[in-house]
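This report refers to the structure that appears directly beneath it.
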């Protein structure tokens, strides 16, 4: 009996990625290309801007720096040449505390803190594929902000096990310390207010 060959998607590297048109946004996970969803909702963008603005203000005078998408993060082991990088993501919000990781193309190496604002179309990917990449490369803290449930899932990386601890799930209220940023606090009441504009 002849078995049909299992489909294997083509695999790409950062060198390939750089050749693609800017008209579409792509991410790579283990070399597999994922076309990103159409432009995010207005509410999504308000929330990204609110958290990003808070972080920029909190980090003024610190060595850490906050960025919002589109901002390429090349996840790889130290010393990996750019042309061999196979994991490239564009998180909604990124904080990088090692200036040597930042260049004109984005960040090379794991950021310290990542926030994804999830929606029905991105929720599964944020909680599985992206979570797996962030865990693999040791992102110290990862938040998933769910605009539908108004909940924030907080994942903290445990260096001893090389895994994330089970997430803390919080209501979008009060102030929440970012452990990876020495306890600087994000005001979730302000985030909640932005998520309700237009409702």
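The values are calculated or read from the model by the stated rules, or taken from the named source; none is laboratory data. As the structure is a prediction and not an experimental result, all values here were calculated from the model. Glycine gets a Cβ as well: all are built from the backbone with ideal geometry, and neighbour counts include every protein chain shown.
The table that follows gives values for the structure above.
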read-out: Unique match (being crowded, with 18+ Cβ neighbours inside 10 Å and either in contact with a strand residue (DSSP E or B) (Cβ under 7 Å, 6 or more places away or on another chain) or part of a strand (DSSP E or B) (or both)) among 74, 11; value: 74
read-out: Among residues of the stretch 19-64, those that are out of contact with any helix residue (DSSP H, G or I) (no Cβ under 9 Å at 6 or more places or on another chain), surrounded by fewer than 18 Cβ atoms within 10 Å (Cβ to Cβ), part of a helix (DSSP H, G or I) and touching a residue at least 24 places away in the same chain (Cβ under 8 Å), counted; value: 1
read-out: Residue tally, condition closer than 21 Å to residue 74 by Cα and either crowded, with 20+ Cβ neighbours inside 10 Å or in contact (Cβ under 8 Å) with a residue 60 or more places away in the chain (or both), over the stretch 133-156; value: 11
read-out: Residue in the stretch 159-177 that is on the phi > 0 side of the Ramachandran plot and surrounded by fewer than 20 Cβ atoms within 10 Å (Cβ to Cβ) present; value: yes
read-out: Within the stretch 81-92, considering residues that are in a loop (DSSP other than H, G, I, E, B) and either under 19 Å from the mean Cα position of the chain (by Cα) or modelled with pLDDT of 95 or more (or both), the one surrounded by the fewest Cβ atoms within 10 Å (Cβ to Cβ); value: 90
read-out: Every residue from the stretch 134-154 that is under 27 Å from residue 42 (Cα atoms) and either in a helix (DSSP H, G or I) or more than 12 Å from the chain's Cα centre (by Cα) (or both); value: 134, 146, 147, 148, 149, 150, 151, 152, 153, 154
